[in-house]
1. Using the 2.2 N^0.38 Å rule of thumb for compact globular proteins, work out how segment A:115-183 stacks up: its C-alpha Rg over that value, please.
2. At 7 Å along the Cα-to-beta-carbon direction for both B:Ser19 and A:Ser249, put a label point, then send me their distance in nm to one decimal.
3. Say the cut-off is 20 Å between C-alpha atoms; which of A:Lys119/A:Lys146; A:Lys32/A:Lys243; A:Lys134/A:Lys176 go over it?
4. Which value, in debye to the nearest 20, gives the size of the charge dipole of chain A about its Cα centre, when Lys and Arg are +1 and Asp and Glu are -1 at the Cβ?
5. With a 10 Å cut-off between alpha carbons and a GNM built on chain A, which of A:Tyr11, A:Tyr48, A:Tyr105 moves the most?
6. B:Thr29 versus B:Asp45, label points 7 Å from Cα toward the beta carbon: distance in nm?
7. Based solely on its DSSP helices, what 222 nm [θ] is calculated for chain A when runs of n ≥ 4 H residues each add -39,500 (n - 2.57) and the sum is averaged over all residues, nearest 500 deg cm²/dmol?
8. How far is it, in nm, from the label point at A:Glu217 to the one at A:Glu232 when both lie 7 Å from their Cα along the line to the Cβ?
Amino acid sequence: MAFTDEQLERYSRHIILKEIGVKGQKKLNNGKVLIIGAGGLGAPAAMYLAAAGVGTIGIVDADAVDLSNLQRQIIHTTNDIGKLKVESAKETMNAINPDITVNTYHEFVTSENINDLIKDYDFIIDGTDNFPAKFLINDACVMAGKPFSHAGIIRFKGQLMTVVPGEGPCYRCVFKNPPPKDAVPTCKQAGVIGAMGGVIGSLQAMEAVKYITGVGELLVGYLLTYDALSMEFHKIKLPPRGKGCAVCSDTPSITELIDYEQAACEWHPGDKNA
Amino acid sequence: MKLTVAGNKKEYEEGLTISKLIELEKVETPEYVTVSVNEEFANRDDFDSTVLKDGDEIEFLYFMGGGSR
């Protein structure tokens with residue numbers, strides 16, 4: 001399908017890039033990205049991917065917009081307080097770009113629904129705020145062979161890694177098991193600088209765009225950390241995939257999805273895989 | 001001896017173990033940090049016994065939640 005004049009103008013700054021061009025823009029328009037969490041990370045990621053013309057974007061979130069979200073979750077406005085985050089996000093995304101289809105899923109990810117959620121998408125963005133969800137997303141994506149971007153933010157720090165199952169290490173290769181509940185502070189407890197979501201969420205959107213268009217090198221096999229106070233990015237090279245990993249090694253010990261809420265409380269730092 | 005810790009080259013005393021380095025560098029939530037030495041993950045059970053040597057490159061990888069709420 002040829003671009004309309006309006007599309008040519010809308011995407012002209014992409015099309016003029018020799019790495020993207022008409023071909024790359026068409027890939028974006030045919031691309032499907034699922035964003036889990038419409039918060040600090042998901043907000044900028046969703047807005048940039050909508051603006052980029054990613055044709056189908058799914059948003060998963062069970063929450064409603066709260067006043068305390070607005071310091072960083074720039075996809076929602078003061079008028080959206082009380083509205084479902086997925087609805088508020090969809091409105092903003094379609095206001096930016098009416099060309100795209102936004103699918104909303106008003107739910108938390110669980111072992112029951114995650115496979116259905118991710119199956120129709122090319123790339124997944126983890127913008128969740130808790131470790132049970134992050135491990136669930138990792139395991140489900142590894143098992144289904146879906147590439148995804150993991151990220152976390154707290155205080156003045158952020159980090160991300162891209163997982164392409166079979167090509168590089170996964171989140172569980174690095175972090176093994178979720179920490180016990182409340183052992184590691186959350187943004188709610190420790191705070192986070194608003195623009196951090198913008199920096200790291202935009203980098204996640206960048207990885208999705210690169211994956212879909214096939215341009216450049218993905219952040220596979222690395223953890224990229226960002227410290228806003230020292231204004232330093234640091235790219236940590238990770239060991240190769242699967243060496244003893246419980247989920248992505250050739251002989252995995254985890255073959256079914258786990259809902260960690262309960263297990264997290266029973267976890268002890270002395271455990272073998274700690 | 002010289003170690004590269006989180007990308008910064010510094011002088012450390014000989015005989016330093018991973019556990020001692022974690023203490024020295026005031027690593028946050030040390031019970032949950034992942035440590036890599038020369039691009040290999042160190043086993044937590046070996047933190048006390050692994051003696052670092054000149055030229056080693058050490059990284060600390062931290063759990064980081066956050067993002068949504």
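We did not get these values from a lab; they are worked out from the coordinates using the rules stated. Values in this document were obtained by computation on a predicted structure and should not be read as measured data. No Cβ is skipped: glycine too gets one built from the backbone with ideal geometry, and neighbour counts run over all protein chains shown.
1. Normalised Cα radius of gyration, segment A:115-183: 1.09.
2. Computed distance between label sites B:Ser19 and A:Ser249 equals 2.5 nm.
3. Beyond 20 Å between Cα atoms: A:Lys32/A:Lys243.
4. The calculation lands at about 840 debye.
5. Result for chain A, Cα springs under 10 Å: A:Tyr11 fluctuates most.
6. 2.4
7. -9500 deg cm²/dmol, from helical runs alone.
8. 2.1
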